[in-house]
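The values are calculated or read from the model by the stated rules, or taken from the named source; none is laboratory data. Owing to the predicted nature of the structure, the values given are computational and were not obtained by experimental measurement. Neighbour counts are summed over all protein chains in view; Cβ atoms, including those assigned to glycine, are modelled from backbone coordinates with ideal geometry.
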Amino acid sequence: MAQATVDELQGLTTADGTPLRQALHRAERRAKVRAFLLVAPLLVFLTVTFIYPIAQMLFRSVHDATIVELLPRTAEAFPAWEDRTQLPPESVFAAFAADLKETRENRTIGQVATRVNFEEGGLRSTFTRTARHIDDVEDPPSWRDWLIEDNADWGKLDTWAVLERLSHPINALQYLAAVDLEYNTQGEVVAVPPERQIYVPIFVRTLWMSLLVTGMTLLLGYPIAYFLATLPLRTSNLLMIMVLLPFWTSLLVRTTSWIVILGTEGVLNDILVWAGILSDEGRIQLIYNQTGTVIAMTQILLPFMVLPLYSVMKTISPSYMRAAMSLGAPRFLAFWRVYAPNTLPGVGAGALLVFILSIGYYITPALVGGRTGQMISNFIAFHMQSSLNWGLAAALGGILLAGVLILYALYNRLVGVEKLSLG
Amino acid sequence: MSQSLTSLPPYAGPVEKAWYVIFRVICAFVFLFLIAPILIIIPLSFNAVPYFTFTSEMLAFDPAGYSTRWYEMFLTDDRWMNSVKNSIIVAFFATLLATFLGTLAALGLSRSHMPARTFFMSVLISPMIVPLIITAAGIYFFYATVGLTDSLLGIILAHTALGTPFVVITVTATLIGFDQSLTRASAMLGASPSTTFFKVIMPLILPGVISGALFAFVTSFDEVVVVLFIALNPEEYTIPRQMWSGIREQISPAILAVATCLIGLSIALMTVIELLRRRSERLRGMTPQ
C-alpha cells in the first residue's frame, strides 16, 4: 500500500470541505481536552485540599510579618540605622518606644516577645518587662537612655540586630535556624556552637536511621523474595500471605505489638530470661530507643522491599542461571554474576521506596522512639504542637519535603511512577 | 520448572546441601520476623490479667489464664464505640469520593491523548509520597482558616486526598491491559459513550476499582497523623487516634483486643484483594492483547 505524501495529504479535504490536516488536528485537540477533563476533577480536588495547604504552610518558612505588623514604626525607622557597628539612632529608639506602648495596649506584646525569643533565647522577658514599665513614661529626654537604663539588653547591638532582621517580612531566618546557622554580632552567617546544634544532628540521624532501615529491609527482603520467586506458584502464593498480611495490618497494631514484644517486661525479654540467657535484673531495654525504632520500622517497611524485588525476580528466567552453571560456573558465582545483576532494578525500586517512606516516618518513632529514636518528623510535630514555632516547623518541613521530592523524581526516572507496586 | 533453582539436584555436594538448609532457615526466620508480631497480639488479647506478656497460666493452657474481659471493655466503652462509628463514617465517605475521583482520573490518564501524562500522574500519586507530617501540618493551617478543624467532614476530605493515589494506581494498572478496540467496537455497534462505559469498560476495570477502593478504605481506617492534628476534640477521634491515646496515655490490654479485631479486618480485606487480583489476571488473559 502506497503511503500518501505530505503534498497529497494537503490536497485532501473532509466531506464538509475542511482540509484533512486541520480536521485531524481538531479531533486530536478534542481528544486531548477530553482526556484532561477526566483528570481535572481530581487535580482540582488535590490542589485545594493537598497542594495549596502545603504550599501555604511552606510559605510560613520564609514569610513572617509579626514584627512588621506589630512594631510598624520601628520597622519603618530601621533604614535610618546605617552604621551597624553603633547602636541605632534615637529615631529608632523613639519609634520602638511608641510601638511598645501600643503592643501593651493591644495586648500583642506576647506575640512580639515570643517571636523574638525564638530568635534569641532570653529576650522574651526583656520585652515584656520593659513594656510593663513603659506605660507610665511620657516623653523622656532620650528614649535611648531611658530604655538602656530600664534594661541593659537595649544597649546591646545584638538585640537591635535581631529586631532589624525580623522586621523584614520575607527572610531566611527559619531556614538558617533549621540548619543550625545564625548571625553573629557582625551580621555574618556562622554555625551555632556545637553544644547548641540541634537540627543538623537530627537530619543526620534521620538519614542514618533511614539508611539502616533500607539496608536491613534489603538484607532480609532479598532472600525471601528470591525464595518466593523460585518456588512453585502454589506454595509461593501461600507464603506470600506472610508478606501481605503485615502490609495490610494497621500501623498502630504493628507498633503496639513491637511494644509488647520488645518491652523490658515484654515477650522477648521474658523468653531470654526463661532461657537463662539474661538474668531477671539484666533485662535489656530494646524499646523506646533507636534500636527499637529501627527494628519496628524494618518489619513495617519490609513488604515494600519484598514486593518490588519479587516482581522483578519473577521475570528472570531460570534458564539464565542454568546456562551459567552448565558452562561451568559454581552455583554461587552463577548467582552473583548472572542472577543478581538482573535483580538490580528491583533492588533500586525497593530501596528508594523504603528510603523515601522512612525519612518521613512519624508514628513509629513517636511511639517507640524514646529520646534517641526521634526523627525529623517528630521535631516538626513538636514545633507545630508544643513550641508553636510554626515558622521553624515549616522550614524543617520544607527541607524534608525537598529531599523527598528529589528522591521521588529519581524514583520516577529510574523506576517509573506507574510501577509503584501495591502487592 | 522454575523450582529447579531452589530444589536440590541429586548431584549436590555437601556445601550446597548445607547452604540449602541454611538458606531455608534464614527465610523461615525472616517470615517469622514478619508475621510473629502480628500473631502474638491475638493470644495476648485474651489475657486474664492486665499484662502484656504470657502469664504462667496462659502457658499452661489453664482456662483461668484466659478471658474475654478486654473485648468486653472495648465493646462497652463509649469512647471506643464512638471511635468505631467515626472511623466507619470517615472511611466510607472518603472511599466513595476517592474511588470516584481516582477512577475518573485513571480513565483520563490511560487515554493515549492525555497530555503530559507522567507529570500529572506523579502529581496525583504525590499524596502517597509526601511525608504525612507535612500533609498534616499543611491541612492543619488550612483547616484553621476555613473552619474545618474538629469536623468529620474535614477528616473525610483529607483522607480522600490520601486515598486517591491508590485508586489511580490500581485502576491505571487494570487499564494497561485494556483493549481500546473494545470501546471502538462498542461505539461502532451504536452504543452511546455512557452505555459503552457501563457495559464494556466498567465490568473490565471493576476489579481494579474495587481493590483501589479497599486500599483507600484501609488508608483512611489506619490514618492517624492528620487526625492527630485536626481532630482536637475526642468526639471526632477515629480508631487509630483512640489507639494512639491508649498507647501514649493509659496503656491497657483493651488495645490488644482492638488490635486483634483490626487484624481480623485486614485478613478479610486481604483475601478480597487477592481474589480480585486473580480474577483480573484471568480476565486479562481472555482479552486479546
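For segment B:215-239, residues that are at the interface with chain A (Cβ under 9 Å from one of its Cβ atoms) and either of a type in the set (S, T, N, Q) or more than 13 Å from B:Ser87 (Cα to Cα) (or both) total 4. Is at least one residue of segment A:280-303 among the β-branched types (Val, Ile, Thr), closer than 18 Å to A:Ala225 by Cβ and assigned by TED's automatic domain parsing to the domain that holds A:Leu367? Among the residues of segment A:280-303, at least one is among the β-branched types (Val, Ile, Thr), closer than 18 Å to A:Ala225 by Cβ and assigned by TED's automatic domain parsing to the domain that holds A:Leu367, which makes the answer yes.
Does segment A:97-105 include one or more residues that are charged (D, E, K, R) and outside any helix (DSSP H, G or I)? First the steps, then the outcome.
Filtering segment A:97-105 for residues charged (D, E, K, R) gives A:99, A:101-102, A:104-105.
Next cut, outside any helix (DSSP H, G or I) only: none.
The answer is no, given that none of the residues of segment A:97-105 is charged (D, E, K, R) and outside any helix (DSSP H, G or I).
Does any residue of segment A:382-404 turn out to be within 11 Å of chain B (Cβ to nearest Cβ), over 21 Å from A:Thr217 (Cβ atoms) and more than 19 Å from the chain's Cα centre (by Cα)? No, segment A:382-404 has no match at all.
From the set of residues in segment B:56-85 that are in a helix (DSSP H, G or I), among the charged types (D, E, K, R) and free of Cβ contacts under 8 Å to residues at least 40 places away in the same chain, which is nearest to B:Tyr237 (Cα to Cα)?
The initial filter retains those residues of segment B:56-85 that are in a helix (DSSP H, G or I), namely B:56-59, B:63-65, B:69-76, B:78-85.
Within this subset, residues satisfying the condition of being among the charged types (D, E, K, R) are B:57, B:69, B:72, B:78-79, B:85.
If we keep only those that are free of Cβ contacts under 8 Å to residues at least 40 places away in the same chain too, we end up with B:57, B:69, B:72, B:78, B:85.
Values: B:Glu57: 36, B:Arg69: 23, B:Glu72: 20, B:Asp78: 12, B:Lys85: 10 Å.
Selected residue: B:Lys85.
I'd like the full set of residues that are acidic (Asp, Glu), outside any loop (DSSP other than H, G, I, E, B) and over 43 Å from the mean Cα position of the chain (by Cα), limited to segment A:137-160. Selection gives A:Asp145, A:Glu149, A:Asp150.
Criterion applied to A:Leu163, A:Leu219, A:Leu207, A:Leu228 was being in contact with a helix residue (DSSP H, G or I) (Cβ under 8 Å, 6 or more places away or on another chain), surrounded by fewer than 20 Cβ atoms within 10 Å (Cβ to Cβ) and assigned to a helix (DSSP H, G or I), and the one residue passing it is A:Leu207. In segment A:9-86, counting only helices (runs of 4 or more DSSP H) that sit wholly within it, the ones holding 1 or more residues that are of a type in the set (D, E, K, R) and over 25 Å from B:Val226 (Cβ atoms) span A:20-46, A:66-70, A:72-77. What are the residues in segment A:256-276 that are more than 7 Å from every other protein chain (Cβ to nearest Cβ) and free of Cβ contacts under 8 Å to residues at least 24 places away in the same chain, if any? Correct list: A:Thr264, A:Leu268, A:Asn269, A:Ile271, A:Leu272, A:Val273, A:Trp274, A:Ala275, A:Gly276. Do you know which of the residues in segment B:114-170 that are among the polar types (S, T, N, Q) and surrounded by fewer than 24 Cβ atoms within 10 Å (Cβ to Cβ) is nearest to the other protein chains (Cβ to nearest Cβ)? That would be B:Ser122. Return yes when A:Thr126 is under 27 Å from A:Asn389 (Cβ atoms) and β-branched (Val, Ile, Thr) and no when it is not. Against the criterion (under 27 Å from A:Asn389 (Cβ atoms) and β-branched (Val, Ile, Thr)), A:Thr126 qualifies.
Mind checking whether some residue in segment A:78-89 is within 14 Å of chain B (Cβ to nearest Cβ) and either of a type outside the set (Gly, Ala, Ser) or in contact with a Lys or Arg (Cβ under 7 Å, 6 or more places away or on another chain) (or both)? Break it down stepwise before answering.
Kept after step one, since they are within 14 Å of chain B (Cβ to nearest Cβ), are these residues of segment A:78-89: none.
No.
Of all residue pairs spaced 6 or more apart or on separate chains, those with beta-carbon atoms under 9 Å, a first member in segment A:17-38 that is within 25 Å of B:Val171 (Cβ to Cβ) and a second member that is among the aromatic types (Phe, Trp, Tyr) and at pLDDT 90 or above are A:Phe36/B:Phe120. Which residues, taken from segment B:32-47, are facing chain A (nearest Cβ under 7 Å) and either in a helix (DSSP H, G or I) or of a type in the set (Gly, Ala, Ser) (or both)? Listed by number, the residues that qualify are B:Phe33, B:Leu34, B:Ile35, B:Pro37, B:Ile38, B:Ile41, B:Leu44.
Among helices (runs of 4 or more DSSP H) entirely within segment B:112-227, having at least 2 residues that are touching a residue at least 40 places away in the same chain (Cβ under 8 Å) and closer than 28 Å to A:Tyr361 by Cβ singles out B:117-129, B:132-146, B:152-176, B:202-222.
Could you tell me which of the residues A:Arg107, A:Arg132 is of a type in the set (Lys, Arg), free of Cβ contacts under 8 Å to residues at least 12 places away in the same chain and surrounded by fewer than 19 Cβ atoms within 10 Å (Cβ to Cβ)?
Values: A:Arg132 fails: free of Cβ contacts under 8 Å to residues at least 12 places away in the same chain.
Going through A:Arg107, A:Arg132 in turn, just one is of a type in the set (Lys, Arg), free of Cβ contacts under 8 Å to residues at least 12 places away in the same chain and surrounded by fewer than 19 Cβ atoms within 10 Å (Cβ to Cβ): A:Arg107.
Look at A:Tyr310 and say whether it is of a type in the set (Phe, Trp, Tyr) and surrounded by fewer than 21 Cβ atoms within 10 Å (Cβ to Cβ). So A:Tyr310 fails the test. Screening A:Tyr175 on (1) surrounded by 16 or more Cβ atoms within 10 Å (Cβ to Cβ); (2) on the phi > 0 side of the Ramachandran plot shows it passes everything except condition (2). For A:Val253, the test of being under 29 Å from the mean Cα position of the chain (by Cα) and more than 11 Å from chain B (Cβ to nearest Cβ) is failed. Take the conditions (1) crowded, with 19+ Cβ neighbours inside 10 Å; (2) of a type outside the set (Lys, Arg); (3) under 25 Å from the mean Cα position of the chain (by Cα); (4) at pLDDT below 95; A:Gly370 misses just one of them, which is (1).
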